[in-house]
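For reference, the structure is listed below as structure tokens.
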Amino acid sequence: MADDVTKYLLSEDRIPTHWVNLMADLPGEPLPPLNPQTKQPAGPQDLLAIFPEQLILQEVSTEPEVEIPEEVREAYKLWRPAPLYRARRLERALDTPAHIYYKYEGGSPAGSHKPNTAVPQAYENAKAGIRRITTETGAGQWGSSLAFACGIFGLECEVFMVGSSYDQKPYRRSMMETWGATVHRSPSQLTQSGRSHAEFDTGSLGIAISEAVEIAAQNDDTNYALGSVLNHVVLHQTVIGVETIEQMGMAGEEPDVVIACVGGGSNFGGLAGPWLRRNLREGATTRFVAAEPAACPTLTKGIYAYDFGDTAGLTPLMPMYTLGHDFVPPPVHAGGLRYHGDSPLVSALVHEGLVEARAYRQSETFAAGMQFARSEGIIPAPEPTHAIRAAIDEALAAKEAGEERVILFGLSGHGHFDLSAYDAYLAGTLEDPEFSQEDMDRAVAKLPQGVPAL
Ligand SMILES: Cc1ncc(COP(=O)(O)O)c(C=O)c1O
């Protein structure tokens, strides 16, 4: 019975041929990144030391669509198209009239959405004759995705892994090493940026980025790859949203609300972007919710300002919501959401009021993750439990209002390497750190000076 469909599946020939570039549809001129030394608009030249030309062109592109190279589509076949599920069991458990759909990205080799961009990034670097890529990783999802992608295109991969995750998730490291990568605990003693912190510090994404960028900037045969934040990363992730538009068509429904978690903004931008373009172009009225941790509430409590992407101040200054570039978030289990800043694109969408941001405490997200696992089966990574929390809240609000609301959320990865976090939840020892006024005052004081106010 058509009514009972649980998975909406597309065949391999439906893998998208183009990524969607929302930059083309945004109202007004995009704010440029600034050179960290001169504080003047950074041009492609400023990025050439660490990125290949093709990715820089994608970064600054204002074309509405960018063709996906054939070699990348070929590699995408390993896990794409990704299934869209109708969460019928969760709907029943919540006794809600809402229809809940989720796009599951956990079926990729690394277990999350991150290979969607790791593959095109490794491909463009290999084509440009680069020998090695350095990167940072928080939860280990991005590092493992890049390790996998570098393996496909014959590149070496060196990963700086945030100390707290390195200690909590030894098997993520094993995974990266299985795909041939070298993994360092960050802060490390290998770089000047790392040596300026205590050796066994819990670390942060900001510090790990500084370490990886430092090595790439010093070696001609080495480039750097970022797993989120930048325009080209969000661009690559739009395969998620493009597929979802076709799958929701198969289900004969349109989402009233689209939800995803936000760390640096790539899975949110990737799922929401193609849907948001329909709002901007066709007058659709879909709502968008970005879900983030209360421990690192960049979009809900951060300041909209130019700030560095890393702790040491090596990256260009980006216009974004930020908690201050040297903010070290508490070691909550959603390691991939512990980033002080956010994608300039997603930040602009929030700033323009096109996207609503919500922050959740760790224990309420795990409660949602448990309810999801017990009804739908899949054990979610701690990051997308934030999206699940928001989706459940929407479904309960629909019940309260007696509305048949259609909810679509991104399930960006599975939690098979995060079971120690589930153990802590079950044992009742999970903590709920929150961002304080003191943290806020510190962030404001540390913002770069001499840059245009936003
Ligand atoms: C499973 C998962 N979801 C979400 C994120 C957050 O990143 P982004 O905001 O770029 O999607 C991460 C980051 O590591 C992740 O591993």
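The values are calculated or read from the model by the stated rules, or taken from the named source; none is laboratory data. The structure presented is a predicted model; accordingly, all values stated were derived computationally and were not measured. Heads up, the Cβs are rebuilt from the backbone with ideal geometry, glycines too, and the neighbour counts pull from every protein chain shown.
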| note | Residue hits (region 119-148; in contact (Cβ under 8 Å) with a residue 60 or more places away in the chain and of a type in the set (Ser, Thr, Tyr)) are Thr134, Thr135, Thr137, Ser145
| task | Would you point out the residue of region 325-341, among those that are more than 14 Å from the ligand (Cβ to nearest atom) and of a type in the set (A, V, I, L, M, F, W, C), that is farthest from Pro448 (Cα to Cα)? | result | Val328
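Just to check your reading of the model, which residue among Thr365, Thr322 is more than 14 Å from the ligand (Cβ to nearest atom) and among the hydroxyl-bearing types (Ser, Thr, Tyr)?
Numbers: Thr365 fails: more than 14 Å from the ligand (Cβ to nearest atom).
It is Thr322.
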| Which residue pairs have Cβ atoms closer than 6 Å, lie 6 or more positions apart in sequence or on different chains, and pair a first residue in region 25-52 that is assigned to a helix (DSSP H, G or I) with a second residue that is surrounded by 18 or more Cβ atoms within 10 Å (Cβ to Cβ)? | Asp25/Arg277; Pro44/Ile56; Leu47/Ile56
| Residue count, region 155-172 (criterion: surrounded by fewer than 20 Cβ atoms within 10 Å (Cβ to Cβ), farther than 18 Å from Ile207 by Cβ and without any contact (Cβ under 8 Å) to a residue 40 or more places away in the chain) | 2
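Based on what the data block shows, is Arg185 over 24 Å from Leu47 (Cβ atoms), in a helix (DSSP H, G or I), basic (Lys, Arg) and within 23 Å of the chain's Cα centre (by Cα)? Quick ask: steps written out before the conclusion?
Numbers: over 24 Å from Leu47 (Cβ atoms): yes; in a helix (DSSP H, G or I): no; basic (Lys, Arg): yes; within 23 Å of the chain's Cα centre (by Cα): yes.
The answer is no for Arg185.
Of everything in region 368-393, what is within 13 Å of the ligand (Cβ to nearest atom), of a type outside the set (A, V, I, L, M) and under 28 Å from Asn231 (Cα atoms)? Give them in sequence order.
Of region 368-393, the ones within 13 Å of the ligand (Cβ to nearest atom) are 369, 378-388.
With of a type outside the set (A, V, I, L, M) added as a condition, the list becomes 369, 380, 382-386.
Scanning region 368-393 gives Pro380, Pro382, Glu383, Pro384, Thr385, His386.
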| Tally, over region 247-257, of residues that are assigned to a loop (DSSP other than H, G, I, E, B) and farther than 14 Å from Leu84 by Cβ | 1
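Can we say Glu65 is surrounded by fewer than 24 Cβ atoms within 10 Å (Cβ to Cβ) and closer than 18 Å to Arg14 by Cβ?
On the way: surrounded by fewer than 24 Cβ atoms within 10 Å (Cβ to Cβ): yes; closer than 18 Å to Arg14 by Cβ: yes.
Judged against the criteria, Glu65 is a match.
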| task | Among the numbered conditions (1) more than 16 Å from the ligand (Cβ to nearest atom); (2) surrounded by 15 or more Cβ atoms within 10 Å (Cβ to Cβ); (3) assigned to a loop (DSSP other than H, G, I, E, B), tell me where Ser108 comes up short. | result | (1)
| field | Sole exception among (1) farther than 30 Å from Leu280 by Cα; (2) modelled with pLDDT of 95 or more for His99, by number | value | (1)
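This table checks each residue for (1) touching a helix residue (DSSP H, G or I) at 6+ places or on another chain (Cβ under 9 Å); (2) within 16 Å of the ligand (Cβ to nearest atom); (3) in a strand (DSSP E or B); (4) modelled with pLDDT of 95 or more.
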{"residue": "Asn223", "(1), (2), (3), (4)": "yes, no, yes, yes"}
{"residue": "Gly273", "(1), (2), (3), (4)": "yes, yes, no, yes"}
{"residue": "Leu276", "(1), (2), (3), (4)": "yes, yes, no, yes"}
{"residue": "Leu280", "(1), (2), (3), (4)": "yes, no, no, yes"}
{"residue": "Ala290", "(1), (2), (3), (4)": "yes, yes, yes, yes"}
{"residue": "Leu299", "(1), (2), (3), (4)": "yes, yes, no, yes"}
| query | Do you know which residues across region 324-342 are of a type outside the set (Val, Ile, Thr) and over 13 Å from Glu292 (Cα atoms)? | reply | Gly324, His325, Asp326, Phe327, Pro330, Pro331
| said: If I ask for residues that are farther than 13 Å from Gln121 by Cβ, more than 9 Å from the ligand (Cβ to nearest atom) and in contact with a helix residue (DSSP H, G or I) (Cβ under 8 Å, 6 or more places away or on another chain), which ones from region 131-142 would you list? | reply: Glu136
| When region 131-154 is examined, which residues are found to be surrounded by fewer than 24 Cβ atoms within 10 Å (Cβ to Cβ), in contact with a strand residue (DSSP E or B) (Cβ under 7 Å, 6 or more places away or on another chain) and assigned to a loop (DSSP other than H, G, I, E, B)? | Arg131
| said: When the residues of region 249-302 are narrowed to those that are within 23 Å of Ala98 (Cα to Cα) and β-branched (Val, Ile, Thr), which ends up surrounded by the fewest Cβ atoms within 10 Å (Cβ to Cβ)? | reply: Thr285
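Residue-by-condition table, conditions (1) modelled with pLDDT of 95 or more; (2) under 22 Å from the mean Cα position of the chain (by Cα); (3) among the β-branched types (Val, Ile, Thr):
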{"site": "Thr135", "(1), (2), (3)": "yes, yes, yes"}
{"site": "Phe153", "(1), (2), (3)": "yes, no, no"}
{"site": "Ser196", "(1), (2), (3)": "no, no, no"}
{"site": "Glu199", "(1), (2), (3)": "no, no, no"}
| field | Cβ-Cβ under 8 Å pairs, at least 6 apart or on other chains, region 319-338 side within 21 Å of Asp432 (Cα to Cα), far side within 13 Å of the ligand (Cβ to nearest atom) and among the aromatic types (Phe, Trp, Tyr) | value | Pro329/Tyr339; Gly336/Trp142
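Evaluate region 79-89: report whether one residue or more is outside any loop (DSSP other than H, G, I, E, B), within 16 Å of the ligand (Cβ to nearest atom) and either within 19 Å of the chain's Cα centre (by Cα) or more than 30 Å from Pro330 (Cβ to Cβ) (or both). Talk me through it step by step, then tell me what you get.
Residues of region 79-89 that are outside any loop (DSSP other than H, G, I, E, B), as a first pass: 84-86, 88-89.
Checking the rest, the ones that are also within 16 Å of the ligand (Cβ to nearest atom) come to none.
No.
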| request: Residues being among the hydroxyl-bearing types (Ser, Thr, Tyr), over 12 Å from Ser144 (Cα atoms) and surrounded by fewer than 19 Cβ atoms within 10 Å (Cβ to Cβ): count how many of those fall in region 173-216. | output: 1
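Within region 115-128, does at least one residue satisfy the condition of being within 30 Å of Arg405 (Cα to Cα) and buried (at least 24 other Cβ atoms within 10 Å of the Cβ)? Full working, then the answer.
So the first thing to find is which residues in region 115-128 are within 30 Å of Arg405 (Cα to Cα), and the list is 116.
Pick out the ones that are also buried (at least 24 other Cβ atoms within 10 Å of the Cβ) and you get 116.
Yes, that holds for at least one residue.
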| task | All but one of (1) of a type in the set (A, V, I, L, M); (2) assigned to a helix (DSSP H, G or I); (3) within 27 Å of Arg73 (Cβ to Cβ) hold for Ala260, so report the exception by its number. | result | (2)
